[in-house]
1. Taking 0.36 nm per intervening residue step and subtracting the Cα-Cα distance, what contour gain separates Ala112 from Glu150 on full extension?
2. Just reorder Asp68, Asp151 by solvent-accessible area, largest first, 1.4 Å probe, all chains present.
3. Rounded to two decimals, what is the ratio between the C-alpha radius of gyration of segment 7-57 and 2.2 N^0.38 Å?
Amino acid sequence: MLSVAEPEILPVAQARAGAAVAWRTLFQRYQLPLYAYVYEMVHHEQTCLDLVQETFIRAVRHLNTLRDDRKFGSWLFGIAHQQCLQHWRRAGREEPAGDDLPDLPSEEDGPAQILIRDEQAAAVRQLFTRLPAPQRAVLVLYFLEDFPLEDIARVTGAPLGTVKSRLHHAKRALKKLLEAQP
């Protein structure tokens, strides 16, 4: 999978000019990475789909505020991050609910492998949901989306030092949770 943080030529200027083909290209490029990020934050499929849709709606409305077209990816993830925060505020809680959908098995897996993998994945997801939301956000952006620390700071609106600290503490906390597992 192509990393969101890698430099690539995106039709941002054409999208700003209103070209539907450019928006389709941007949507296709960022739809799945945004979905993965938002899902890891809210753990609810329909809410995730709604937040990703709202992220793109806001991007269309506010693209003229983007100063550097090369930062489109981190700008878009920043919008998604703010959408997650607003969702939690509206819901009246700091942490998202943990109702996960199971992963689909591959054709090569036997029943035993599928069961073991699903149990392990569910256990890790459960541990992941026990981390504070700011630490989860940094982990997802850094390890799953391959964002550099500077872009994570831009997405989350936190200073670079805070991002580094959150990443460090999140890794330590996740390690402790994993070690405490029976």
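The values are calculated or read from the model by the stated rules, or taken from the named source; none is laboratory data. All figures in this text were calculated on a predicted structure; none of them were measured in a lab. These area figures cover heavy atoms from the full protein model, side chains too; ligands, DNA and RNA do not enter into them. Shrake-Rupley method; radii C 1.70, N 1.55, O 1.52, S 1.80 Å.
1. 9.5 nm
2. On the way: Asp68 45, Asp151 20 Å².
Correct descending sequence by accessible area is Asp68, Asp151.
3. Values: Rg = 12.3 Å, N = 51, 2.2 N^0.38 = 9.8 Å.
The value comes to 1.25.
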